[in-house]
1. Of everything in segment 35-50 that's modelled with pLDDT of 80 or more and of a type in the set (S, T, N, Q), which residue is nearest to PRO14 (Cα to Cα)?
2. Condition first: under 22 Å from SER49 (Cα atoms) and in contact (Cβ under 8 Å) with a residue 40 or more places away in the chain. Can you find one or more residues in segment 68-83 that meet it?
3. If you take the residues of segment 52-69 that are touching a Phe, Trp or Tyr at 6+ places or on another chain (Cβ under 8 Å) and not β-branched (Val, Ile, Thr), which of them is surrounded by the most Cβ atoms within 10 Å (Cβ to Cβ)?
4. Given (1) closer than 16 Å to ARG91 by Cβ; (2) loosely packed, with under 11 Cβ neighbours inside 10 Å; (3) among the small types (Gly, Ala, Ser), identify the lone condition not met by GLY38.
5. Return only the number of the condition from (1) surrounded by fewer than 12 Cβ atoms within 10 Å (Cβ to Cβ); (2) touching a helix residue (DSSP H, G or I) at 6+ places or on another chain (Cβ under 9 Å); (3) more than 19 Å from SER16 (Cα to Cα); (4) not β-branched (Val, Ile, Thr) that GLY79 does not satisfy.
6. Just to be sure before I move on: is ASP46 of a type in the set (D, E, K, R), loosely packed, with under 10 Cβ neighbours inside 10 Å and closer than 20 Å to PHE93 by Cβ in the structure I sent?
7. Does GLU78 meet the test of being out of contact with any Phe, Trp or Tyr (no Cβ under 9 Å at 6 or more places or on another chain) and under 30 Å from GLY109 (Cα atoms)?
8. Answer yes or no as to whether THR68 is within 23 Å of LEU110 (Cβ to Cβ) and among the polar types (S, T, N, Q).
Amino acid sequence: MSNNAQDGAVDYEPNSFDGPTEDTSERNHGDQLEGKTGNYTAYVPDNFSAAGALYNVLSEEEKRRLVTTIASNLGQVEGEHAEEIKTLETRQFYQDDPDYGTRVAEALGLNLDDIK
């Protein structure tokens, strides 16, 4: 798995490599309708509960296959920050569901104390 398609630069956020961040000063200008459009927070961001809920409806076999696939792909990450990337990603799985993150950490050989 090659992770150098952009010469090592990241193009997502949040990231831990001083990559791009959202420009919160940018706004859409409202269009006159029967009201006014604009930028509004549509919901409270929750990046974890849906993935955790999905994980918890999987059968044990499906969970095993999911963890095996994730570990196989994430295990291919190489380079100076490989362990940090694996830990950060696995921490997100743990936030989805502790069992999910624990299984991925064990499959990757990561220290669970670094994940929690």
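The values are calculated or read from the model by the stated rules, or taken from the named source; none is laboratory data. Nothing here was measured: the structure is a model prediction, and the numbers come from that model. A quick note on method: Cβ atoms are made from the backbone with ideal geometry, for glycine too, and the neighbour counts reach across all protein chains shown.
1. Selected residue: ASN47.
2. Within segment 68-83 (the criterion being under 22 Å from SER49 (Cα atoms) and in contact (Cβ under 8 Å) with a residue 40 or more places away in the chain), the answer is no, since none of the residues qualifies.
3. Out of the qualifying residues, it is TYR55.
4. (1)
5. For GLY79, the exception is condition (3).
6. Yes.
7. yes
8. For THR68, the condition - within 23 Å of LEU110 (Cβ to Cβ) and among the polar types (S, T, N, Q) - is met.
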